[in-house]
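Enquirer: Got a structure for you, written out below as structure tokens; questions coming shortly.
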Amino acid sequence: MHAGLFLRTPCPTLDSPPHGHLGSYSPPLLLLLFIYPLPPFTPHHVPKKNTNMSTSIGPTLLLLLLLHILCLCVPTSFGACSQARRERKAAEVSEGPTASPSQTNGSCGCSSSPAPSPSTSEPNPDDFPNLKQYSAYLVIQRFKQTITCDPDGVTATWVGYRPCTYRGFYCDSPPDSPGTLTVASVDFNGFRLCAPTVAGFVDQLPDLALFHANSNSFSGPIPDLTGLPYLYELDVSNNIHSGPFPVAVLPLSNLVFLDLRFNLFAGTVPASVFSLDLDVLFLNNNNFNQPLPASLGSSPVAYLTLANNGFTGPIPRSIFNASRTLVEVLFLNNKLSGCLPYEIGSLSTATVFDVGFNQFTGPIPWSFGCLLKVEQLNLAGNLLYGEVPDLVCRLAKDGSLANLSLSGNYFTSVGHSCWELIKRKVLDVRQNCIPWLPEQRRPLECWRFLWRRKFCPLFPYIPCSLPKCAPKPAAPPPAGYMTYKALHQPPRN
């Protein structure tokens, strides 16, 4: 036999049978044997004519033997491969995908399938430090989906199982759960985020104590906040909130700081707002239009700004009730009118009193000479007339007065102490009716006004003693005051 015709090649199975097994021979080679059979063995010493019958049968027996081997090999070899595939499939179903094709034995195509990617799911509460932080996480993620602009990429930090590390969020222990950290403060000031509403967010953080969102683009009404028993500071200024005054703040018994300035709120402010136990109330730069309520002064508010709205009517005499608490008050640029009440002189703690650019008329009450702590006194742009009281000008010497603005009125004379303030440019009396001073109104304009002026009684009553005081240090410029700072709108975009 030719030695190279029977080559052993392993069957393409996961496990090849041992060498020498019939099934280990390649079927194509056996077919070659069938096509090219070996010649019969004929001994050279026997003459052909005398050969035995068995010698002629030799090739026939050899062919039968080869056919028998072929029948045994073909089903055995291919059956082994099919069996390997079935066993492989069963293993994948019961155990899952295993090795990659490079790790398998053989090459019959019985390769493993790639492992499926793990499915994403909601985090488990056990992943968080406590259930309060888990609840806050869910609220924050829902709100995150509503944000339509985030130029500084703030929300990119709102990931992971530690909400206390998110930018803009701060944690502390609430009074009812000492030692349990939860989201207690939200400070979005200057983040320039955009969202159609804060409902479903701020009202769903029950342990919130402070919410500051100055200079964003949040809109819609303020949601019901009765579920926030610890909230004491609410600042949604410089946004695009609209609608009526957010009465949702009224039940907040711990609220001391309320800042709604630079929004689109309109209508009336409930009288009860001016009775809230507040320290700061900023309502400037909205569209409120109503008379000032008689409850003005009932609140212990220290910083009050109602500027740049549409408030009407006089300042109620009830402002006297704030005589020991009011520090800065801005009424400027409204539609207020009437006579200045002498009770204003009782504001013994006031450092800023600004009623500029309204429609007040009448003389300045002498009681203004009791405003010994006032530093900024602005009555410009009204319909005031008469003489500028000397007592008021003496506040620059006896008190703390640094700026007295009376321009744009109809005063006809000034007290003796006022001339020095004019020289020092502490007192501004431009565009009045004072003879011999520059930049005054035309005489005809002054005469026409004085002819039809509204009468207001002059109260010479002075509700304080006027001790001589040493000159005070120079007061800061108007921009250094809390209420005047509230008049400046930072950019949102």
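The values are calculated or read from the model by the stated rules, or taken from the named source; none is laboratory data. Just so you know, these numbers come straight off a predicted model, no measurement behind them. Backbone-built Cβ (ideal geometry, glycine too); neighbour counts: all protein chains shown.
Enquirer: Within segment 403-414, can one find any residue that is more than 21 Å from Ala302 (Cβ to Cβ), in a helix (DSSP H, G or I), in the same structural domain as Pro438 (by TED's automatic domain parsing) and not acidic (Asp, Glu)?
Expert: no
Enquirer: Suppose the filter is within 27 Å of Asp203 (Cα to Cα), touching a Pro at 6+ places or on another chain (Cβ under 7 Å) and either of a type outside the set (D, E, K, R) or not assigned by TED's automatic domain parsing to the domain that holds Asn358 (or both); does Gly267 pass it?
Expert: yes
Enquirer: Against the condition in the same structural domain as Gly310 (by TED's automatic domain parsing), part of a loop (DSSP other than H, G, I, E, B) and more than 14 Å from the chain's Cα centre (by Cα), how does Phe245 come out, does it pass?
Expert: yes
Enquirer: Scan segment 298-314 and give yes if some residue there is more than 28 Å from Ser237 (Cα to Cα) and more than 39 Å from the chain's Cα centre (by Cα), otherwise no.
Expert: no
Enquirer: Identify the single condition in (1) assigned to a helix (DSSP H, G or I); (2) within 26 Å of Ser346 (Cα to Cα) that Tyr385 does not satisfy, given that it satisfies every other one.
Expert: Looking at each condition in turn, Tyr385 falls short on (1).
Residue-by-condition table, conditions (1) farther than 20 Å from Phe188 by Cβ; (2) surrounded by 20 or more Cβ atoms within 10 Å (Cβ to Cβ):
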| site | (1), (2) |
| --- | --- |
| Asp235 | no, yes |
| Ile240 | no, no |
| Val247 | yes, no |
| Leu250 | yes, no |
| Phe262 | no, yes |
| Gly267 | yes, no |
| Phe274 | yes, yes |
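Enquirer: With the checklist (1) buried (at least 18 other Cβ atoms within 10 Å of the Cβ); (2) under 52 Å from the mean Cα position of the chain (by Cα) in hand, flag the one item Ser417 doesn't pass.
Expert: (2)
Enquirer: Follow-up. Before we move on, is Thr197 within 22 Å of Ile222 (Cβ to Cβ), modelled with pLDDT of 95 or more and either not assigned by TED's automatic domain parsing to the domain that holds Ser215 or not charged (D, E, K, R) (or both)?
Expert: The answer is yes for Thr197.
Enquirer: Name the residue, out of Gly356, Gly345, that is of a type outside the set (D, E, K, R), within 14 Å of Leu406 (Cβ to Cβ) and in the same structural domain as Val414 (by TED's automatic domain parsing).
Expert: After ruling out the rest, the residue left standing is Gly356.
Enquirer: Taking Tyr385 and the conditions (1) touching a residue at least 60 places away in the same chain (Cβ under 8 Å); (2) over 24 Å from Gly338 (Cα atoms), which numbered condition does it fall short on, given that it satisfies the others?
Expert: Tallying (1) touching a residue at least 60 places away in the same chain (Cβ under 8 Å); (2) over 24 Å from Gly338 (Cα atoms), Tyr385 fails exactly one: (2).
Enquirer: Only one of these conditions is not met by Cys339: (1) under 24 Å from Leu252 (Cα atoms); (2) in contact (Cβ under 8 Å) with a residue 40 or more places away in the chain; (3) surrounded by fewer than 21 Cβ atoms within 10 Å (Cβ to Cβ). Which number is it?
Expert: The one condition Cys339 does not meet is (1).
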